[in-house]
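All remarks here apply to the structure that follows.
The values are calculated or read from the model by the stated rules, or taken from the named source; none is laboratory data. Bear in mind the structure is a predicted one, so any value in this text is a computation, not a measurement. Neighbour counts are summed over all protein chains in view; Cβ atoms, including those assigned to glycine, are modelled from backbone coordinates with ideal geometry. Heavy atoms of the whole protein, side chains included, go into the accessibility calculation; ligands, DNA and RNA do not. Shrake-Rupley method; radii C 1.70, N 1.55, O 1.52, S 1.80 Å.
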Amino acid sequence: LVLVHDVMPMLFPEWFTPQHVQVFREWLTAQLHHAELFLTNSQCTATDLRRVAGELGVTRELDVRPVPLGADYPVVTPRPVADAAHLGRFVLVVGTLEPRKNQQVVLDAFERLQSDHPDLALVLVGKEGWLVDQLVQRLRHHPLRGERVLWLGGVDDAQLAWLYDHAFVAVAPSIYEGLG
């Protein structure tokens, strides 16, 4: 039995380090040859897994069963984020900084909008991932950093609830998500 969340390193190797792709390819190849049952978190991932298996030369019919994810999140009382409380209208982007999450497109759009909407701010929530050195440098050296551009590495659930409650708009620019 193998649980597969996604096969993105095989579908989009440019979003990962070569070492990550190699380790994932070796792991997946071993699983495809030895596992009898595959659970996936969505039909999308099941389809992707079958496609990648074929590309890796697996000819047997895989027993793949999507098991949709579900969660009961505790209700939290929103708690203000001090660094963002003064911003007024802000665009919120949540997710680890990584190529597929596509945060740079939001930063580009924000910079284009600044002259027409100088009151607009940008808040990014998420830790630094991989292959985002250029984006990280842009954020760390942005002329509006700390004023209209905030990069919060991580916040707790109560703070995240406050950010969602107060955002002018929340943007999810991800190019691809394995969960469907």
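Which of the residues belonging to the range 74-87 are without any contact (Cβ under 8 Å) to a residue 60 or more places away in the chain and either more than 16 Å from residue 145 (Cα to Cα) or not hydrophobic (A, V, I, L, M, F, W, C) (or both)?
Those that are without any contact (Cβ under 8 Å) to a residue 60 or more places away in the chain and either more than 16 Å from residue 145 (Cα to Cα) or not hydrophobic (A, V, I, L, M, F, W, C) (or both): 75, 86.
Looking only at the range 142-170, filter to residues that are crowded, with 18+ Cβ neighbours inside 10 Å and of a type in the set (Val, Ile, Thr); which one of those is farthest from the chain's Cα centre (by Cα)?
For the range 142-170, the residue satisfying everything is 149.
Determine the pairs where a residue that is among the small types (Gly, Ala, Ser), located within the range 94-109, has a partner that is open to solvent by less than 20 Å² (accessible area, probe 1.4 Å) and in a helix (DSSP H, G or I) with Cβ atoms under 8 Å apart, the partner being 6 or more residues away or on another chain.
These pairs meet every condition: 95/103.
Which one of these is within 20 Å of the chain's Cα centre (by Cα), β-branched (Val, Ile, Thr) and either outside any strand (DSSP E or B) or modelled with pLDDT of 95 or more (or both): 45, 29?
Answer to the check: 45.
Consider residue 139 against the criteria (1) over 17 Å from the mean Cα position of the chain (by Cα); (2) closer than 20 Å to residue 102 by Cβ; (3) open to solvent by 60 Å² or more (accessible area, probe 1.4 Å): it satisfies all of them except one. Which criterion is unmet?
Every condition holds for residue 139 apart from (3).
Across the range 62-76, what is the number of residues that are at pLDDT 95 or above and open to solvent by 50 Å² or more (accessible area, probe 1.4 Å)?
Adding up the residues that qualify gives 2.
Examine the range 93-108 for a residue that is open to solvent by less than 20 Å² (accessible area, probe 1.4 Å), touching a His at 6+ places or on another chain (Cβ under 9 Å), farther than 30 Å from residue 20 by Cα and at pLDDT 95 or above, and state whether such a residue exists.
Within the range 93-108, none of the residues are open to solvent by less than 20 Å² (accessible area, probe 1.4 Å), touching a His at 6+ places or on another chain (Cβ under 9 Å), farther than 30 Å from residue 20 by Cα and at pLDDT 95 or above.
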